[in-house]
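For reference, the structure discussed in these notes is given below.
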Amino acid sequence: MSSRTRVMNSLAQQFMKMAFVTKLAVIFVNQMTTKLSGGDSKVVPALGESWSHVATNRVLLFWKNGVRCANLFKSPNCKEATVPFSVTVDGIRDVTCSESGNDSSDVSAKKRKLSEF
């Protein structure tokens, strides 16, 4: 195991302990990058493949038709799902689209009740 991998695993353990003790979520960001090899290109996690096994839940964030979306990609207790969301001055909010379509100009944010989480 490389020293980089050992340091990353040690950091992951420290963050997991902190999350458990404080009862707070710890969010890791592993941005995707392009790896070039022999004229070919491949999209890979910037922190490496081993880092992807650290997370209990994995959420992929992306844009679709001008709307932010979150895809729950990995979870031990929830099915995979994709939901639209909005970032406002009040925080992250659900997005509702009118029945006329998914046009981003037709999107509004709504606050979710705590009991819905």
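Quick notes on this one:
- Contact order for region 26-82, expressed relative to its length and based on alpha carbon pairs under 8 Å spaced 6+ residues apart, stands at 21 percent.
- Per-residue SASA entry for E80, accessible area with 1.4 Å probe, Å² rounded to 10: 120
- Potential lengthening of the chain between K64 and T34 amounts to 8.7 nm, from the contour at 0.36 nm per residue minus the alpha-carbon distance.
- Simple spin-label estimate for R4 and A81 gives 3.7 nm between the two label positions (7 Å along the Cα-to-Cβ direction from each Cα).
- Accessible-area composition of region 1-73, carbon plus sulfur, in percent [1.4 Å probe]: 60
- Extension gain for T22 to S52 (0.36 nm times residue separation, less C-alpha to C-alpha distance): 8.5 nm.
- Taking 10 °C and 1.306 mPa s as conditions, region 1-85 diffuses translationally at an estimated 106 µm²/s according to Stokes-Einstein applied to its Kirkwood radius (Cα pairs).
- Over region 4-43, accessible surface divided per residue gives 92 Å², non-protein components excluded, 1.4 Å probe.
- Theoretical gain in end-to-end length, L11 to I92 [0.36 nm per residue, Cα-Cα removed]: 26.4 nm
The values are calculated or read from the model by the stated rules, or taken from the named source; none is laboratory data. For clarity, every value in this text was computed on a predicted model and none was experimentally measured. Because the Cβ atoms are built from the backbone with ideal geometry, glycine has one as well, and the counts that use them run over all protein chains shown. Only protein heavy atoms, including side chains, enter the accessible area calculation; ligands, DNA and RNA are left aside. Shrake-Rupley method; radii C 1.70, N 1.55, O 1.52, S 1.80 Å.
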